1. Between their Cα atoms, which of B:LYS180/B:LYS255; B:LYS132/B:LYS275; B:LYS173/B:LYS196 are more than 32 Å away from each other?
2. Can you tell me which of B:ALA290, B:ALA231, B:ALA263 moves the most in a GNM of chain B? Springs connect C-alpha atoms under 10 Å apart.
3. Kirkwood Rh, segment B:1-123, all Cα pairs: how many Å?
4. If you take each beta carbon of peptide B:2-15 and count the beta carbons of other chains within 10 angstrom, what is the mean?
5. What do you get for GluC sites (Glu not before Pro) in segment A:114-207 restricted to DSSP loop and a cutoff of at most 16 other Cβ within 10 Å of the site's Cβ?
6. Where does segment B:193-265 land on Rg/Rh, using Cα atoms and the Kirkwood Rh?
7. Under 11 Å from the Cβ of A:PRO50, count the other residues' Cβ atoms, weight Lys and Arg +1, Asp and Glu -1, and hand me the total.
8. In square nanometres and to one decimal, what's the mean projected area of the convex hull around the Cα atoms of segment A:131-207?
Amino acid sequence: MEKKEKHKGCQCDCGFTRRGFLSSMGAGAVALAASGKIVTPAAAAGVKAPMDSLSIQLMINGRSQRLLVEPRWSLLYVLREHLGLTGVKIGCERGECGACTVLINDIPRYGCLTLAVEAEGSKITTLEGLMQGEDLGPVQQAFVEKDAFQCGYCTPGQIMAVEGLLRAKPRPSVAEIQREVSGNLCRCGAYVNIFKAADRAAELKRS
Amino acid sequence: MMPNFSYIRPESLQEAITHLGSADARLHAGGTDLLPCLRDQVFDAKKVVSINGINDLRSIQETEDGSLRIGALTTITEVAENPLIRERYAALAQAAAEVASPQLRHQGTIGGNLCQKPRCWYYRGEFHCLRKGGKICYAKGGENQFHCIFGGKGCYIVHPSDTAPPLAAFAAKINIVGPKGKRTVEAAVFHVEPSKDVTRETVLEPAEIVTEILLPRPLQGLRSSYRKVRARQAWDFALAGVALVLQFQGNKVTKGRVVLCGAAPVPWRSYEVEKVVIGSALDDATISRAAAAAVKNAKPLEKNDYKIPLFQGMLEEELQKIKNG
Ligand SMILES: Cc1cc2nc3c(=O)[nH]c(=O)nc-3n(C[C@H](O)[C@H](O)[C@H](O)COP(=O)(O)OP(=O)(O)OC[C@H]3O[C@@H](n4cnc5c(N)ncnc54)[C@H](O)[C@@H]3O)c2cc1C
Ligand code: SF4
Ligand code: FES
Ligand code: FES
């Protein structure tokens, strides 16, 4: 009940749910490569030339999708630019900031350092995938409640790191929380509240 | 966006070796070091050969003679969390837990951790330095606060791997396959000093692949630890560090190895410390003598002499800790 009311507040104040809605619309589209020939999965045993588009299957936020990707495309690029999942942020693109954190088979990883072809056959979860219909998921809810951000740029990555932690370990200690979000930098220095939000998220997930 | 490359994910080692034999082919394990190098054009790849289809490389197994076999594709997280490694090879588990960030540990592999490229900022930047085949080392007269105090000759990097020092200290072996077949190399000599060849980091020949790491059965009374000093709590490379693997009889050290990290272009075995501690009980006097011996032959650069008291103090602390158990 309390959760429902909180969510309503969000919908009008900060547009979280609207953004989630738009992104999931984007996810309905299948990416089309700009150029090159299309390699079907049956032929996928050989070497893929640079401009060849390879066809890969990903389970993205619970939905199976077939995509055409170039070998050099990162998962980050494909999720944002081809599927419109803008909850995945671009930061450093070199594994240093965590803004691009997504779950691959429930484990937090950096989208910028993962080739889309390498994720073939995996289950990918992005921020958009944490929505429960029109409601915020528990980790998102906890970040709002604990005011765990200022500019918000690092927030989706932080939330995904916490989500990954809680999927592996429902009752983390404070030290474990600090350790597991240490791959996500926050330039606004909202760390104290991020730790509190992770703790609150664990509570919300259990209830 | 990275420059274009072709891509293949073979399912056997033989196929992978064949593909790696072509010009400018690069091996992809977790990709956490390869992709940033390609993006920054530290080197090029015409073909990326992913070994992730070779499932045999992905396991931790105890062998019949009591040694432990770690497949090259085992993730750093798996190494850090494996109960057998934590129990018998504590320094390795501790080192793995100190590598990079959680996300990178979930993705990066132990094989890739040993084969990663240097972190010297000139090397990673647009400087055609000695190690890249150029004419000079920019770090020598430049910004060298994070460079080496031992073993620098021409090039002054510190080896970035946290797992390499404990592997060298445990006398681990590294299995390699390549176009000419299989071979085994001691972890302690897997990395190449710049005085031998400034353009390569490891003994790997073209198209060779690290397949597994073998840890010998631990001796009776063995204690081990890994310590890494860094500038902050979030991910960072070692400013100074040490892997201690010592065999105790009572409070006397009977055997062992001491390998420094953040010190030299390769994991740096400190024979000086070993000489002082082996055969002695680790009393306070021995510990301070050992720590002083560790840095006696150091050759700091212009901006990194802070590493000398850092190594000395850190070694005193670590030796005290391991003595107490
Ligand atoms: C931000 C950041 C911080 C980091 N901090 C640390 C740290 O504190 N401590 C630390 O130890 N490391 C650190 N690293 C490095 C990281 O641990 C390595 O990138 C990782 O271990 C490499 O493993 P990988 O499987 O991703 O290798 P890849 O990126 O796939 O490969 C790395 C290199 O090794 C070669 N290679 C990989 N596997 C093999 C094999 N089996 N046989 C032959 N060659 C192979 C590749 O061709 C490539 O050149 C950091 C990296 C980043 C990006
Ligand atoms: S220290 Fe080595 S890698 Fe760095 S600039 Fe000098 S030669 Fe190049
Ligand atoms: S954008 Fe991936 S870690 Fe910074
Ligand atoms: S809230 Fe601004 S970067 Fe974290």
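1. Flagged as over cut-off: B:LYS180/B:LYS255; B:LYS132/B:LYS275.
2. In this elastic network of chain B, the residue with the biggest mean-square fluctuation among B:ALA290, B:ALA231, B:ALA263 is B:ALA231.
3. Final number for the Kirkwood radius of segment B:1-123 is 15.6 Å.
4. Mean inter-chain Cβ contacts per residue within 10 Å come to 5.
5. For GluC sites (Glu not before Pro) across segment A:114-207 that sit outside H, G, I, E and B with at most 16 neighbouring Cβ atoms in 10 Å, the list reads A:GLU134.
6. Ratio value, two decimals: 1.06.
7. The answer is +2.
8. Average of the hull's projected areas for segment A:131-207 equals 4.7 nm².
Values quoted throughout were computed directly from the atomic coordinates according to the rules given, and no laboratory measurement underlies them. Fair warning: this is a prediction, and the values are worked out from it, not measured in the lab. Note that we place each Cβ from the backbone using ideal geometry, even for glycine, and neighbour counts take in every protein chain shown.
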